[in-house]
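The values are calculated or read from the model by the stated rules, or taken from the named source; none is laboratory data. Since the structure is predicted, the reported quantities are computational estimates derived from the model, not experimental observations. No Cβ is skipped: glycine too gets one built from the backbone with ideal geometry, and neighbour counts run over all protein chains shown.
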């Protein structure tokens, strides 16, 4: 698998919500408050995402998620805009 090619994985609706908040830079506690779930539950979703995207760190996960988001709309060298 190429390092430049984004990984695609099937995500649940909740995993997509957690992923979106991770890309915004929120902590587990902040995500939990926004979604009305415990921070431990957020950490479980984060672990599932890391497994699905074969990431060993949250930073690597966010990098891969942003690659998926930017793959068709961002030019190289531009920053991701979540809004």
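Rundown of residues vs (1) at pLDDT 95 or above; (2) part of a helix (DSSP H, G or I); (3) surrounded by fewer than 17 Cβ atoms within 10 Å (Cβ to Cβ), yes/no style:
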site	(1), (2), (3)
11	no, no, no
31	yes, yes, no
72	no, no, yes
81	no, no, yes
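Going by the structure shown, is residue 21 part of a helix (DSSP H, G or I), surrounded by fewer than 17 Cβ atoms within 10 Å (Cβ to Cβ) and either at pLDDT 95 or above or under 12 Å from the mean Cα position of the chain (by Cα) (or both)?
no
Restricting to region 41-60, and then to whatever is over 16 Å from residue 10 (Cβ atoms) and in contact (Cβ under 8 Å) with a residue 12 or more places away in the chain, can you tell me which residue is surrounded by the most Cβ atoms within 10 Å (Cβ to Cβ)? The qualifying residue surrounded by the most Cβ atoms within 10 Å (Cβ to Cβ) is 42.
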